[in-house]
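Comments concern the structure below.
Every number in this text was worked out from the coordinates using simple rules, so none of it is lab data. What you see is a predicted model, and the numbers here were worked out from it, not measured in a lab. Here the Cβ positions follow ideal geometry from the backbone for every residue, glycine too, while neighbour counts run over all protein chains shown.
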Amino acid sequence: MTFDSLSFFCFLTLALAAYWLIASWRVRKVVLLGSSYVFYGAWNPFFALLLVATTWFDYFLAHWLDAQQNQAARKRLLIASVVVNMGVLAFFKYAQFLRDTAVDLAASVGVRFEPLDLGILLPIGISFYTFESMSYVIDVYRRRFKPSRSLVDYGLFVTFFPHLVAGPILRYHDFAPQCQAPQSWTSIPAGRALAMVAIGLAMKVGLADLVFAPVADRVFAAGARPDSPTAWLGAFAFSLQVYCDFAAYSLCAIGVALLFGFHFKANFESPFGAVGMADLWTRWHISLSTWLRDYVFNPLGGYRKGRARGHLNLLITFLLCGLWHGAAWTYVIWGGLNGLFQVIERMFRERVWDFTQASQAWVRSALMLGTFVLFTLAVVFFRAPSVADALRLLRVMLLGETGATVALFARGELVFAATLGAATLAAQQLSARTRGWDWLDRRPVWLRTAVVATALSVVLLSPGFNPAFIYFQF
Amino acid sequence: MRARGWLTTWVFALLIALGGAAGLETYLRRLDYVPTVQDDPDLWALAYERVRLKPDALVLLGASRIQFALDPVMIEQATGRPTAMLAVNGHYPLATLRFLAEDEAFRGLVVVGIDSRGLNAKHWDMQQPWVEHWNNRWSLARRINRQLTTPLQEQWVIARSPFALANLLRRLAAGWGLPFNDYVILRPERVGYVDYRRTDITAIRRQRILDLEQYYRDHPPPPPEAWLKVAEPLAQWVAAIKQRGGKVVFFREPVSGEHLELDERNYPRAEYWDVLAARQILPMIDFRDQPALAHFALPDTSHIDGIDVPAFTQAFIALMRGHGHWPGAARQ
């Protein structure tokens, strides 16, 4: 069930009604947990069972781990949890990738064979809920908090439907306190929450699906031969598409959770208003970048063991970030490039110029655009079907190589997409220092009405075959 | 105070958005646009899901000539068999036939609308995306969503994707004007009713023949012996369905005029179709042998007028009964 579907609209209406009509807090949570399983099971009931199994396994293992005083035994239990969680993830997500890689490697030394078709279907959201479960067990191991005493509360942490399939990736210590006491429905900022959902949906169904995706799709299509400016435009369009798609999902998730009285942290904070790639990664998919910082980069030693080791740790972290996104070399290279850009940027800032301190508006604006261009260069690998395709497009973009024979777009189409793209970037730059969505409450009614009416109009007038959110595949 | 401010915001925002939508709908209706269901793989999957487990199911495969000619609701009423339209406009159906042969749960009767081009191996996978949608993406959530969307599309022009606000603005920016005013009205059961009064039939007919000539230039027919190799896998698929108690009937749908002449010139009947029919491994009905179908006009040389769909469907039912393909047809 996707947020931009009528089935979700009906589901949400029923779930909200049931939730707020029930007086008992405990029963409310059970209803919410049941609704979350319905939400997930409506896509694939079998994988809902997998979700139940994962939840139970980590819940009981965390208790067992907490009760152990022997450090070696605790470590063994932690390893068991990581192995099982990563094993399930690896089976569903990486088995095909490993098989294909083995076939390619064998072919490179002249051995050719036809492997079994594994026919594995990827459970939606498995990367997200696996990371949440793992962070919970690791934090219990680190004795950051006691394990949950309620299976319902823990189940809700993993399964609560707004964040279940595409994040934000929650942390138990943020979520657990919210399970302690109910909120009254009168204390919920419902107007703002609904506005966030409407704006998120408009970004997805309007900007991502109907403005930027058609441009990116044609440039990245098999056999497309764009000229250099068109290739750049297609790559920029995909950067904006993936932002408007994923940030929209996060915004909807935060808004929907708020309707139930739960607060999620922001997952995107004007990433294209960032100055430098390091800054961008504090604004882009924040719940993942902080997860990687806390459970990969810092345990590797961060920058505590010297600069060179720190750079290596950063690269490893981002290579894993790429692999988390998808089981393909294109994603690994995308992650590697993002790591590499940050390493180079760090060295540049230390030795040449710390541009993040620039104060002149036009300089910062130029730096923001430069950051967007770097992000776009890397994202070519994220979108292209293969490494060879990505390199071919990059050659066209950077070296002006072109085999263009026919124009891919009418001029008016390009003007339309470019105008909305520029507007999106300008909005990001102007709101670079703004955090959260509380500012909506402080705006005059006429302005809010204009924003919400525009969003609603785009949503109402964007019917059709809803493509899934891009991050569902991860 | 804050809550009241938001209430005002939402009331006005809803009024503006709904007013805007109603205004656009009114404007489009004045321009003679009419609501029609938008076809997609979900609607296809929904149709198949309804009949899949029923032993007396009847599924109609093919491309537009079947989808715009046979009404599954009428067939269901006349024969008592749960009927699904699985034909896909512009896509030959052999991938779906292969899928039905592989689906152990399916035990029904299959009518395959096909022509010589459709049997060419290069077109076998045209409907594979629909099959993959069923296998990998079809879900309860999609079913509910599709069931909620269809009634809206039956009532509102703006409920179809060509009329999405961003699409309209992009078209206007590109100087393309409003979307094509479709002359096929699709019903929820996926049967299309062609309304030639809503279009320039002469231009459409001319374009169709030009397209067909271009097709034959781009895709010259394979030699008969290569083309006839299709018989082997087809026979296997038919046998698989038959083994489970089902049945498959191939139906060569009517075409006329220059269209028929081009087909005959490129795939001479005596060298292709008749040789395949003579092998008697595939039950076949050819429109060229059926006088009952001869009087239906094909304004664009390939599709009947929507007005004729009921009569054509009745004639087809009679034809199938006459050939003994529907032994249980009398149940009503």
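Some observations on this one:
- Here the Karplus curve 6.51 cos²θ - 1.76 cosθ + 1.60, taken at θ = phi - 60°, turns the phi angles of region A:311-327 into couplings of 4, 4, 4, 5, 5, 4, 4, 7, 5, 5, 4, x, 5, 4, 5, x, 8 Hz, with x standing for Gly and Pro.
- Spatially proximal lysines relative to A:K265 (Cα-Cα < 25 Å; intrachain offsets below 8 disregarded): A:K29, A:K146, A:K204
- Under a 5 Å amide H cut-off, with hydrogens placed 1.01 Å from N, B:H91 pairs with B:S64 among residues at least 5 apart or on other chains.
- Stretch gain in nm, segment B:L7-B:R50, where the contour uses 0.36 nm per residue and the Cα spacing is subtracted: 11.2 nm
- Ordered by the count of other Cβ atoms within 10 Å of each Cβ, fewest first, A:S150, A:S81 give A:S150, A:S81.
- Rg to Rh, two decimals, where region B:96-150 supplies the alpha carbon set and Rh follows Kirkwood: 1.05
- Length, then width, then depth: along the principal axes, the Cα atoms of region A:320-379 run 42, 22, 14 Å.
- Annotation: amide H-H contacts under 5 Å for B:Y193 (H modelled 1.01 Å from N, sequence separation of 5 or more, or interchain): B:I185, B:L186, B:R187.
- Taking the fewest neighbouring Cβ atoms within 10 Å as the starting point, the ordered list for B:T8, B:T83, A:T424 is B:T8, A:T424, B:T83.
- Kirkwood Rh in Å, taken over chain B so that all alpha-carbon pairs contribute: 21.7
- Hull volume in cubic angstrom per residue (convex hull over the Cα atoms of region A:24-75): 80
- Scalar couplings 3J(HN,Hα) for region A:432-443, obtained by applying the Karplus form with A = 6.51, B = -1.76, C = 1.60 to θ = phi - 60°, are 4, 9, 7, 10, x, 10, 4, 4, 4, 5, 8, 7 Hz; x denotes Gly and Pro.
- Share of Cα-Cα pairs in region A:190-466 lying beyond 36 Å, as whole percent: 17
- Working note: Debye formula, equal point scatterers on the alpha-carbon atoms of region B:1-100, no solvent; log10 I(q)/I(0) at q = 0.11, 0.16 Å⁻¹ is -0.57, -0.77.
- Scanning chain B for long hydrophobic helices, with DSSP H runs required to stretch 27 angstrom or more by C-alpha along their axis and to average at least -0.5 on the Kyte-Doolittle scale, returns B:2-30.
- Cα-Cα P(r), region A:135-193, percent of pairs per 10 Å interval: 20, 46, 28, 7, 0
- Computed log₁₀ I(q)/I(0) - Debye formula, equal Cα scatterers, no solvent, region A:127-238, q 0.14, 0.18, 0.23 Å⁻¹: -0.79, -0.95, -1.20
- Sorted ascending by nearby beta carbons within 10 Å, beginning with the fewest, B:E104, B:E25, B:E132 become B:E104, B:E132, B:E25.
- Average partner coverage of B:136-144, which counts Cβ from other chains inside 10 Å: 6
- Region A:267-281 - phi-based ³J(HN,Hα) in whole Hz, Karplus 6.51/-1.76/1.60, Gly and Pro as x: 10, 9, 10, 6, x, 7, x, 7, 10, x, 5, 5, 5, 4, 6
- Of the three principal axes defined by the Cα atoms of the protein assembly as shown, the extents in descending order read 86, 64, 58 Å.
- Chain A: radius of gyration and largest Cα-Cα distance (Dmax), Å: 23.0, 71
- Each label was represented as a point 7 Å from its Cα along the Cα-to-Cβ direction; for B:D125 and A:V83 these points are 4.1 nm apart.
- Remark on B:A84: its backbone amide H falls under 5 Å from those of B:L58, B:V59, B:L60, a criterion applied only to residues 5 or more positions apart or on other chains, H modelled at 1.01 Å from N.
- Efficiency of FRET from Cβ geometry, A:A222 and A:R112, R₀ 22 Å, rounded to 0.05: 0.35
- Shielding by partners for peptide B:158-164, expressed as the average number of C-beta atoms from other protein chains within 10 Å of each residue's C-beta, is 5.
- Working from the Cα coordinates of region B:41-132, the gyration tensor eigenvalues give, after taking √(5λ), semi-axes of 20, 15, 11 Å in decreasing order.
- In region A:171-210 the Cα-Cα distances spread across 10 Å bins starting at 0 as 24, 28, 32, 16, 0 percent of all pairs.
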